[in-house]
Amino acid sequence: MGLILYGNHSSGHAYKPALFLALAGIPFEYRPINLDLPRIERPADFVAVSPFGEVPVLIEEGVSLAQSNAILLHLARRHHRFGAADEAGWDRLTQWLFWEANRVGFSVPNLRFAYRVARDTPADVVRWLHARAVDDLGRLEGELQDRSFLLGTEPSIADIACSAYLFWLDQAGIDGAEYPAVGAWLARIASLPGWRSPDDLLG
Ligand SMILES: N[C@@H](CCC(=O)N[C@@H](CS)C(=O)NCC(=O)O)C(=O)O
């Protein structure tokens with residue numbers, strides 16, 4: 001039974017597993033979900049497999065899994081791609097996934113959402129998100145001064161997770177030119193065989 005990925009064209013969280021599969025050359029059926037619909041009005045097949053009502057959800061061999069970084073960990077272990085070389089590497093990789101979920105995978109998407117969709121977001125909330133995003137980008141900029149990818153010389157799901165929303169950084173009102181090491185890292189990821197942009201993969 002083939003892989004099915006539920007996603008949405010504007011979801012960087014959905015882009016993460018889609019990008020993993022594209023980079024690994026694993027075919028999958030993409031099922032876009034209209035997130036403008038109230039949760040109970042979304043397609044019944046999606047509602048049935050989505051424990052949190054959110055995309056992404058991956059179905060593999062009839063088993064569903066939600067939460068983008070849990071999906072990445074599952075895919076990396078199952079398909080032996082974009083994982084780590086040893087247990088210490090897996091620990092560092094997991095550390096990045098948890099950081100992403102709470103930091104750059106929170107600040108940048110919510111800032112982008114405030115600019116593009118929730119235009120009535122209070123100004124102090126936008127300022128707080130912006131400050132947090134700048135802090136997160138500064139963290140990545142520092143980390144990427146002396147290595148090609150977050151774990152070292154090889155790309156991993158830590159890079160897939162932490163970079164996902166940054167391909168849309170301009171939509172979050174942030175000038176990527178202020179983060180040259182991040183820009184070079186994004187370019188390295190974008191030059192990996194099989195890479196496709198979020199708009200191309202999820203559009
Ligand atoms: N922590 C989740 C976040 C997923 C998430 O926020 N999904 C959004 C789209 S980016 C969503 O489905 N929103 C619609 C809704 O909550 O109804 C993950 O990493 O997968």
If the Cβ limit is 8 Å and pairs must be 6+ apart or interchain, which residue in region 5-17 that is modelled with pLDDT under 95 pairs with which residue that is within 7 Å of the ligand (Cβ to nearest atom)?
none
Does at least one position in region 82-96 carry a residue that is within 11 Å of the ligand (Cβ to nearest atom) and under 13 Å from the mean Cα position of the chain (by Cα)?
no
What's the number of the only condition in (1) exposed (fewer than 15 other Cβ atoms within 10 Å of the Cβ); (2) within 15 Å of the ligand (Cβ to nearest atom); (3) aliphatic (A, V, I, L, M); (4) part of a helix (DSSP H, G or I) that A118 fails to meet?
(4)
Reported set for region 19-70 where residues are within 12 Å of the ligand (Cβ to nearest atom), in a helix (DSSP H, G or I) and either hydrophobic (A, V, I, L, M, F, W, C) or under 19 Å from the mean Cα position of the chain (by Cα) (or both) is I40, F46, V47, S68, N69, A70
Is it the case, given these coordinates, that F113 is without any contact (Cβ under 8 Å) to a residue 12 or more places away in the chain, within 16 Å of the ligand (Cβ to nearest atom) and under 30 Å from D45 (Cβ atoms)?
yes
Counted residues, region 13-37 - those being buried (at least 23 other Cβ atoms within 10 Å of the Cβ) and small (G, A, S):
2
Which of the following residues is among the charged types (D, E, K, R) and assigned to a loop (DSSP other than H, G, I, E, B): R196, R127?
R196
Kindly list, by first and then second residue, each pair from a residue in region 36-56 that is modelled with pLDDT under 95 to a residue that is surrounded by fewer than 12 Cβ atoms within 10 Å (Cβ to Cβ), limited to pairs with Cβ atoms under 6 Å and residues at least 6 apart or on different chains.
none
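Does any residue of region 136-151 turn out to be within 16 Å of the ligand (Cβ to nearest atom) and over 20 Å from G194 (Cα atoms)?
Residues of region 136-151 within 16 Å of the ligand (Cβ to nearest atom): 136.
Now restrict to residues that are over 20 Å from G194 (Cα atoms): 136.
Yes, region 136-151 contains at least one residue that is within 16 Å of the ligand (Cβ to nearest atom) and over 20 Å from G194 (Cα atoms).
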(1) part of a loop (DSSP other than H, G, I, E, B); (2) β-branched (V, I, T); (3) within 16 Å of the ligand (Cβ to nearest atom): which one isn't true of I4, the others all being true?
(1)
Any chance P109 is within 12 Å of the chain's Cα centre (by Cα), within 29 Å of R132 (Cα to Cα) and in the same structural domain as G138 (by TED's automatic domain parsing)
yes
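The values are calculated or read from the model by the stated rules, or taken from the named source; none is laboratory data. Please read these numbers as outputs of a predicted model, since none were measured by experiment. Quick reminder, even Gly has a Cβ in these numbers, built from the backbone with ideal geometry, and neighbours come from all protein chains shown.
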